[in-house]
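Contents: one structure, followed by commentary.
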Amino acid sequence: MKSITQLALANNKANKNRSILVTISIVLTTMLLMVIATWGNGMVKFQKANAAETYGTYYGRFNNVNGKQLKEMNRRSEFTDIGKMSYVGEVENQLKMYLYCTDKTTRELSNMDLSITEGNYPKAIDEIAAQPRFFKSLGYSDVQIGDQITLNYRQDNASKYAPETFTVCGFLRENELQKNNYTAYVSEDYYENLVPEEKRLYRVSFRLSEEVAINMDTGEEVIKELGKKVGVPEKRVSVNTMYLIWALDPGTETIVGCAGIAVIVILFSVIVIYNIFQVGITQKIQEYGKLKALGMTKKQLKQVIQREGMSLALIGVPIGLVFGYIVSFISFYSLFYGEMGTQRLQEGAELIKISLFSFPMLLIVIVLSFATVWVALKKPMKIVASVSTIEAIRYQESSTSKRGNRIGKELPNVKSLMLANLSQNRKRTVTTILTMGLSCVLFVVVANLVGNMDEEYEARRYVEHGKFKIELDYRMNDKAYPENNLDHILLKNPLSDSVLEKIREIDGVKNVKTRKIFIMDVKGHGPMTVSVLDQEEIRALEKETHEGSLNYKKAVKDHAIFYGSSYFLRENGFEIGQKLDVTLPNKKAWNTTVQGATGPVADTDWLMSEDTFQELDLEGELNGYVYVDCKEKDLRQVETAIGELFEKAEHIEISTYQDALKNMTFAVQFMKYVAYAFLFIIGLIGFMNLMNTMITNVITRRQEFGVLQAIGMTNKQLNQMLQREGLLFTIGTILVSVVFGLPLGYAFFCYGKEKAVMGLHVYHFPVLEIILMFVVIIILQLTLSFILSRNIKKDSLVERIRYQG
């Protein structure tokens with residue numbers, strides 16, 4: 001008598017189709033678990049190795065810290081590696097140019113030394129370091145280390161610009177994302193010589209000692225509490241969140257989140273592998289009954305099933321490990337050391353290479369893969385062990401119904417034969433549909449999330465309309481140069497109606513949209529800016545996360561206004577429904593109500609409806625923002641013309657939609673890449689279940705098909721029956737995915753939008769993704785039906801009738 005292991009191997013060999021499908025499912029499961037484990041471990045190792053390079057090593061920052069607060073920080077043992085940075089002044093130029101000083105500790109904590117391309121940061125009292133473009137914008141096109149340059153700068157809005165001479169000691173790396181904003185650095189000695197000790201203010205970066213109990217979940221709370229202890233209010237506290245996430249041990253939520261993905265994969269795989277194995281068990285129930293009759297015990301029968309599955313796992317798991325690691329290696333390195341690496345190299349950082357291989361992760365994946373197969377085998381083992389010998393020997397799956405006899409029809413047709421078969425295997429049919437449906441539900445949910453993560457919507461937060469945004473660059477309280485203040489600029493507005501006409505005349509410009517701006521004095525709060533939005537713009541904001549009401553008609557009726565950011569509403573002393581006493585630019589008094597607050601941060605303090613603005617009857621050309629649109633082919637031409645038009649204009653800042661879009665694209669595409677790759681493998685595992693069900697149907701009914709064709713069924717009718725059976729699975733899968741996937745997907749979208757997940761602003765039904773899913777499922781099903789039909793017809797009619805399974 002054969003041993004149990006030999007019997008199990010013989011069964012696998014006899015059931016080649018089942019064995020192949022189970023092995024493929026195990027390979028895909030192991031591959032996906034390997035990818036998840038390798039990517040998860042790789043990201044942790046990558047971020048830990050490069051967190052300092054990428055985010056700096058400081059835990060947090062306190063802004064506007066005075067000497068007393070700094071002394072308190074130095075006195076407390078919780079703080080270590082305290083670094084100082086101070087604002088020195090503003091340089092006179094059309095571009096935004098500022099002077100700062102830093103100490104060595106700040107530069108180390110923030111990786112600022114990576115920005116030096118030549119020379120060094122200032123040490124002597126008269127030294128300066130900056131980007132080459134900084135010097136070029138001041139008229140020094142070929143400056144060298146050791147050259148002297150003169151610039152005009154001032155300390156604050158109350159001071160006049162005054163000339164100062166510095167010696168160039170270093171060059172900083174150019175930053176393509178900051179074309180109109182430059183920072184130069186002078187020495188600490190210069191700042192301390194310039195500003196009295198009692199008036200010095202610092203931006204303080206720091207690390208915390210090992211005695212402080214802190215992780216990524218408690219980081220913000222701990223740092224804010226420490227801020228209170230040294231007298232720094234919450235609004236002047238910033239936390240280096242990304243560094244805390246990767247440099248410290250993750251909290252419970254992070255661990256649960258990472259494990260959750262693996263659990264979903266395991267549960268899904270258990271269902272699929274169980275269903276495939278279950279079908280095979282059902283078809284061979286007579287054989288197991290005979291083995292029991294010959295004296296095999298329940299334990300031995302269980303061992304047969306277990307060894308059948310585990311022997312297939314011994315083949316599938318190693319293959320899955322190899323392919324999983326190869327996929328992980330290629331995808332991980334191409335992303336993190338390809339596109340991301342190139343970006344970081346441009347910023348001066350060189351990413352530290354890590355090894356993705358982890359023996360503990362390998363062991364975990366092996367254990368999980370074998371455990372998945374073992375769990376999937378539990379029920380088939382129980383079924384085989386519990387069936388009685390007589391029932392097993394008499395069992396004929398295809399010839400019995402629930403009532404014990406197959407219900408026939410006098411004149412069966414293709415439809416009735418299909419329905420009869422599926423009804424006799426109802427449990428298998430339902431399980432297959434639910435398993436395929438689950439993978440499609442996951443797809444629909446993710447499509448509702450990443451499909452709505454549109455980089456264009458995110459970019460539109462910065463350039464709301466058209467391709468170019470031209471806006472006034474103004475101050476609110478420049479005492480030394482009041483001509484820089486908004487109220488003065490509007491008197492001789494560089495965005496006057498005559499200038500707008502010149503913009504419209506530029507070849508290629510197809511639309512010019514404006515937004516007005518003015519200053520109102522709010523009692524108890526002082527001068528504040530207001531921008532005027534039309535009905536369409538406010539309706540767009542109404543779709544965003546907001547507080548209160550952004551209803552346009554209600555605002556017009558109640559003479560109400562909206563605060564520019566719900567996040568800072570109460571922090572700045574306002575409430576929804578609050579009455580405000582306002583003095584307008586024409587000195588008239590006006591009473592209004594705070595009706596709502598927008599979710600994103602607006603460019604101005606307040607927003608007002610266009611109809612309300614018209615009622616105020618304010619005079620002057622109050623254009624504060626101009627949005628210019630053109631065709632893609634005319635972009636460069638229009639950009640050049642706009643640049644020439646405003647080349648000598650003061651108080652003007654120009655932004656492009658293309659730059660904003662470029663900045664958003666990488667992060668969104670990365671999330672889509674990871675999500676759809678995950679779903680692709682999940683879908684393959686689910687499709688294995690459909691293949692198994694349809695292949696088993698064909699194999700076990702080969703004799704039935706032969707008899708039917710012997711009495712007149714044509715090949716065309718056989719093809720139709722198999723295709724209709726497959727279509728029934730497809731329709732069931734689609735229904736499950738739509739009925740459950742769409743509500744869940746929308747719920748996840750709403751949750752993500754509430755949590756301000758990037759790109760989730762306006763919900764769009766993922767039509768393209770869902771249609772693509774339907775098309776792929778139908779094509780796969782029709783292809784499988786066609787292949788199975790051809791396979792059946794390879795055998796002669798006599799061979800099919802004689803087939804005994």
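Surrounded by 17 or more Cβ atoms within 10 Å (Cβ to Cβ) and not hydroxyl-bearing (Ser, Thr, Tyr): does that describe residue 479?
So residue 479 fails the test.
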### Task
Could you look through segment 70-123, keep only residues that are at pLDDT 90 or above and among the basic types (Lys, Arg), and pick out the one that is nearest to residue 58 (Cα to Cα)?
107
### Query
Applying the selection to segment 350-382, what residues are of a type in the set (D, E, K, R) and part of a helix (DSSP H, G or I)?
378, 379, 382
#### Entry: segment 2-39, subset touching a helix residue (DSSP H, G or I) at 6+ places or on another chain (Cβ under 9 Å) and assigned to a loop (DSSP other than H, G, I, E, B), residue surrounded by the most Cβ atoms within 10 Å (Cβ to Cβ)
15
### Task
Of all residues in segment 578-604, count the ones that are of a type in the set (A, V, I, L, M, F, W, C), farther than 15 Å from residue 527 by Cβ and in contact (Cβ under 8 Å) with a residue 60 or more places away in the chain.
1
### Query
Are there any strands (runs of 3 or more DSSP E) wholly within segment 451-563 with 1 or more residues that are in contact with a His (Cβ under 7 Å, 6 or more places away or on another chain), and if so which?
468-472, 509-522
## Note on the structure
The condition from (1) closer than 28 Å to residue 757 by Cβ; (2) buried (at least 19 other Cβ atoms within 10 Å of the Cβ) that residue 571 misses is numbered (2)
### Query
For residue 498, which of the numbered conditions (1) within 20 Å of residue 572 (Cβ to Cβ); (2) open to solvent by 60 Å² or more (accessible area, probe 1.4 Å); (3) of a type in the set (Ser, Thr, Tyr) fails to hold?
(1)
### Task
Output the number of residues of segment 507-546 satisfying the condition of being open to solvent by less than 50 Å² (accessible area, probe 1.4 Å), under 23 Å from residue 754 (Cβ atoms) and touching a Gly at 6+ places or on another chain (Cβ under 9 Å).
2
### Criterion: open to solvent by less than 30 Å² (accessible area, probe 1.4 Å) and within 34 Å of the chain's Cα centre (by Cα) - qualifying residue of 206, 166, 171
206
#### Entry: In segment 599-611, residue surrounded by the most Cβ atoms within 10 Å (Cβ to Cβ) [restricted to those that are modelled with pLDDT of 90 or more and more than 13 Å from residue 528 (Cα to Cα)]
609
### Query
modelled with pLDDT of 90 or more and open to solvent by 40 Å² or more (accessible area, probe 1.4 Å), is that true of residue 191?
no
### Task
Any residue in segment 48-64 that's farther than 11 Å from residue 82 by Cα: show its pairings with residues that are open to solvent by 30 Å² or more (accessible area, probe 1.4 Å) and aromatic (Phe, Trp, Tyr) at Cβ separation under 8 Å, as long as the two are six or more apart or on different chains.
48/246; 51/246; 55/246
### Task
Could you please find all residues in segment 135-179 being closer than 26 Å to residue 481 by Cα, of a type in the set (A, V, I, L, M, F, W, C) and touching a strand residue (DSSP E or B) at 6+ places or on another chain (Cβ under 7 Å)?
135, 138, 149, 151, 162, 166
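Filter segment 645-661 for residues that are part of a helix (DSSP H, G or I) and open to solvent by less than 30 Å² (accessible area, probe 1.4 Å) and give the result.
Taking segment 645-661 first, the residues part of a helix (DSSP H, G or I) are 645, 657-661.
Within segment 645-661, 657, 660 qualify.
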### Task
For segment 631-641, indicate whether the set of residues that are within 24 Å of residue 531 (Cα to Cα) and among the hydrophobic types (A, V, I, L, M, F, W, C) is non-empty.
no
### Task
Please enumerate the residues belonging to segment 133-164 that are in contact (Cβ under 8 Å) with a residue 60 or more places away in the chain and small (Gly, Ala, Ser).
158, 159
### Message
Residues that are part of a loop (DSSP other than H, G, I, E, B) and open to solvent by less than 10 Å² (accessible area, probe 1.4 Å): does segment 737-760 have at least one?
### Response
yes
## Note on the structure
With criteria (1) closer than 26 Å to residue 475 by Cβ; (2) open to solvent by 60 Å² or more (accessible area, probe 1.4 Å); (3) touching a residue at least 12 places away in the same chain (Cβ under 8 Å), residue 642 comes up short on (2)
### Query
In segment 579-620, which strands (runs of 3 or more DSSP E) lie fully inside it and hold 1 or more residues that are in contact with an Asp or Glu (Cβ under 6 Å, 6 or more places away or on another chain) and of a type in the set (A, V, I, L, M)?
589-598
### Message
I want to confirm something. Restricting to segment 119-133 and keeping residues that are within 30 Å of residue 476 (Cβ to Cβ) and crowded, with 19+ Cβ neighbours inside 10 Å, which single residue is nearest to the chain's Cα centre (by Cα)?
### Response
131
### Message
With the requirement that a residue be hydrophobic (A, V, I, L, M, F, W, C) and either surrounded by 21 or more Cβ atoms within 10 Å (Cβ to Cβ) or under 24 Å from residue 231 (Cβ atoms) (or both), what does segment 89-102 give you?
### Response
91, 97, 99, 101
### Task
Out of 84, 68, 136, report the one residue that is in a strand (DSSP E or B) and open to solvent by 40 Å² or more (accessible area, probe 1.4 Å).
84
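The values are calculated or read from the model by the stated rules, or taken from the named source; none is laboratory data. Remember, it's a predicted structure, so these values are computed and weren't measured experimentally. Please note: Cβ atoms are built from the backbone with ideal geometry, for glycine as well, and neighbour counts cover all protein chains shown. Ligands, DNA and RNA are excluded from the accessible area calculation, which covers all protein heavy atoms including side chains. Shrake-Rupley method; radii C 1.70, N 1.55, O 1.52, S 1.80 Å.
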